[in-house]
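The values are calculated or read from the model by the stated rules, or taken from the named source; none is laboratory data. The shown structure was predicted, so the numbers you read here are calculated from the model rather than taken from an experiment. So basically every Cβ, Gly included, is an ideal-geometry build from the backbone, and we count neighbours across all protein chains shown.
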Amino acid sequence: MLTICSRGGQKPTPRHRVPLSRAARTRYLFELKEDDDACKKAQQTGAFYLFHRLAPLLQTSERRYVAPRVSLLELEKLLEKCGQDTQRIEDSVLIGCSEQQEAWFALDLGLNSSSAVSTSLQKSQMETELQGSFIELRKALFQMDMKDVSLLFTAQALLSWHDAHQFCSRSGQPTKKNMAGSKRVCPFNNIIYYPQMAPVVITLVSDGTRCLLARQSSFPKGMYSALAGFCDIGESVEEAVRREVAEEVGLEVESLQYSTSQHWPFPNCSLMIACHATVKPGQTEIQLNLKELEAAAWFSHDEVATALRRKNPYIRQQNETFPFWVPPKLAIAHQLIKEWVEKQTCSSPPA
């Protein structure tokens, strides 16, 4: 059994005592992505997040999940103990680095390796050795620290992309990833493939005093959220917002404003582009598209503010008269809804 701490095992001596700036870290990561030798050298003093079939290894600490890291030495011992070739480590992907220039990688022990000598490792065996559990990220992310979530989002998206793009779409030949996992190359025709994100607009619609929230049948019971949909080919963000609102609830957007963005690895790899939209006055009758949504409704400021304050949305309180809740704080939809509530509060005249 390997003994690992929640933030890695045996720590190498940092190469820099003074913390690196954001710009310096960015340049360092660029170097590792472009230079296979430099990246392989960084693995010697780096740390690894482990996955099994895209589920990250997590440990419980103070009722929250933390993502442990292991050193290269610990990872090599684990693979050897399980009868695996350490060449499997080359399937890892670079996901970031610390201020002390410690490179961070992610490796999936459940997906078939690109190396012919390696096979998938058993989940239970890994969990016993690593004193943790491989938990589906979507189920665990709301009980994790934001720093962990951001790194695991990147890791899962990259690991999933590499698993799905192992062959060239033109030649049909196997592609080969670079050491950092920032691209794949077809040796047959030298075509380079880069990981991509699909743009998604997520829009909170308002009529000035109320906001519109909707739900899909796949949502947890009682949860309502903002409208969302993938951008079509050839669309601008503004055009996508207007189309999605029209398609899903039959309303025409009069004006819209960009808010913020968020990487979201579900269902594959999305860039959530958050906007506020106002519909034309007097045109607020919802025409629900049942192929897209299960329900949609207008909610008042007080109703939404109450939903935001709910501490445990999964358990309905006995005295609750309006049983609905909104996505948790980590989701960009929560931030959109919170912004709207705060804006309405500030604009309301004093009592």
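Considering only residues of region 173-226 that are among the polar types (S, T, N, Q) and in contact with a Pro (Cβ under 9 Å, 6 or more places away or on another chain), which is nearest to residue 253 (Cα to Cα)?
Filtering first and then ranking leaves 225.
What are the residue pairs meeting all of these: first residue in region 130-142, first residue within 10 Å of residue 58 (Cβ to Cβ), second residue of a type in the set (Phe, Trp, Tyr) and surrounded by fewer than 18 Cβ atoms within 10 Å (Cβ to Cβ), Cβ atoms under 6 Å, and 6 or more apart or on different chains?
Pairs found: none.
Has region 168-190 got any residue that is touching a residue at least 24 places away in the same chain (Cβ under 8 Å), among the aromatic types (Phe, Trp, Tyr) and out of contact with any helix residue (DSSP H, G or I) (no Cβ under 8 Å at 6 or more places or on another chain)?
No, that holds for no residue.
Could you go through region 226-235 and let me know if any residue there is part of a loop (DSSP other than H, G, I, E, B), surrounded by 12 or more Cβ atoms within 10 Å (Cβ to Cβ), among the charged types (D, E, K, R) and at pLDDT below 95.
No, region 226-235 contains no residue that is part of a loop (DSSP other than H, G, I, E, B), surrounded by 12 or more Cβ atoms within 10 Å (Cβ to Cβ), among the charged types (D, E, K, R) and at pLDDT below 95.
Name the pairs: first residue in region 215-240 and closer than 14 Å to residue 202 by Cβ, second residue of a type in the set (Asp, Glu) and not in a loop (DSSP other than H, G, I, E, B), Cβ to Cβ under 7 Å, at least 6 apart or on different chains?
227/244; 227/248; 229/244
What's the number of the only condition in (1) of a type outside the set (Val, Ile, Thr); (2) surrounded by fewer than 13 Cβ atoms within 10 Å (Cβ to Cβ); (3) modelled with pLDDT under 90; (4) assigned to a helix (DSSP H, G or I) that residue 342 fails to meet?
The number of the failed condition is (3).
For region 85-94, indicate whether the set of residues that are modelled with pLDDT of 95 or more, of a type in the set (A, V, I, L, M), buried (at least 22 other Cβ atoms within 10 Å of the Cβ) and within 15 Å of residue 179 (Cα to Cα) is non-empty.
For region 85-94, residues modelled with pLDDT of 95 or more, of a type in the set (A, V, I, L, M), buried (at least 22 other Cβ atoms within 10 Å of the Cβ) and within 15 Å of residue 179 (Cα to Cα): present.
Out of 87, 100, which single residue is touching a residue at least 40 places away in the same chain (Cβ under 8 Å) and either part of a helix (DSSP H, G or I) or under 22 Å from residue 146 (Cα atoms) (or both)?
100
Are any residues in region 273-295 in contact (Cβ under 8 Å) with a residue 24 or more places away in the chain, not polar (S, T, N, Q) and not in a strand (DSSP E or B), and if so, which ones?
280, 281, 285, 286, 288, 292, 293, 294
Output the number of residues of region 1-34 satisfying the condition of being at pLDDT 95 or above and touching a helix residue (DSSP H, G or I) at 6+ places or on another chain (Cβ under 9 Å).
4
For the structure I just gave you, tell me whether residue 132 is on the phi > 0 side of the Ramachandran plot and of a type outside the set (Lys, Arg).
For residue 132, the condition - on the phi > 0 side of the Ramachandran plot and of a type outside the set (Lys, Arg) - is not met.
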